[in-house]
């Protein structure tokens, strides 16, 4: 089956760059072929495939996290997601096609499907195939390479980011204890997602270990591993653009530290974090009072930028002093600062930009 003939017209694919499409379509050609055959025959959607209570408890005991966002699993907070959707012919009970993710991420994926895929009861039309490809390739890629890799399929990825993160504080994407494909979710299993942080995996590089065998079996291709740094930068750009933030407009270029010490330890020792948080809290409280519980996110970030400039620290040293990962996008950094100041808040779209909105205790 020649997917390129049916999906690429005049060097254009509606969901992604053509070269990216060609690479992914070749890698996941069995998935696309299965989906096309299933839709062409207009079969009824498959049912079943839920996760048992025993397996749910095994994931909780393993302190598992959502591989999409890193949110820790708790009772009732996660369920089974079929990577290749059942409405596209995906196997309902195959470990290769199942992953445990949090309910908010699952709901967000469902919203992406609703926007991109034809209704299950509608007649399949060839014109809808490129969108089916876009969703299918995005779903498979994020299951194997993590959420950041989804930026290679912008059409689906932008929908997911908006549905999952637009109206709430960002969650930690640095997954440590997630389970990916091929997981049995049995008692004693260890996290096996290929994007887990190395220090959380354990087991070393012993090729005989159960963990190493699983990681080897599901390891990404060399080509995609080489894209890792690029993917992370693209994902940060998506989050920043989603929140109307441009580092070039509000951040002056990084000023090199005046010391030969590059890791920021000298500066961290002289930075009074508690005092800075106190000043920020006083200023924000006054701003929230004036704005009836709402402050522009950009205004708060300008406060952070000004503080960094006054301390004469490098950005790396300044953010490390506050426990912030410098590689995260601005909204996630802002959420960290606000959480440390004990604000109960959410991000909401205001008039042309995002606002920090205080929540009541009941919310």
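Some notes on this structure:
- The combined condition, being out of contact with any strand residue (DSSP E or B) (no Cβ under 9 Å at 6 or more places or on another chain), modelled with pLDDT of 90 or more and over 25 Å from residue 159 (Cβ atoms), is fulfilled by residue 57.
- Residue 328 being over 19 Å from residue 165 (Cα atoms) and at pLDDT below 90: no
- Single residue of 6, 40, 29 found to be over 24 Å from the mean Cα position of the chain (by Cα) and at pLDDT 90 or above: 29
- Residue list for the range 306-321, filter: buried (at least 18 other Cβ atoms within 10 Å of the Cβ) and either under 16 Å from residue 279 (Cβ atoms) or over 25 Å from the mean Cα position of the chain (by Cα) (or both): 308, 313, 314, 317, 318, 321
The values are calculated or read from the model by the stated rules, or taken from the named source; none is laboratory data. On a predicted model such as this, the values are computed, not experimentally measured, just so you know. Glycine gets a Cβ as well: all are built from the backbone with ideal geometry, and neighbour counts include every protein chain shown.
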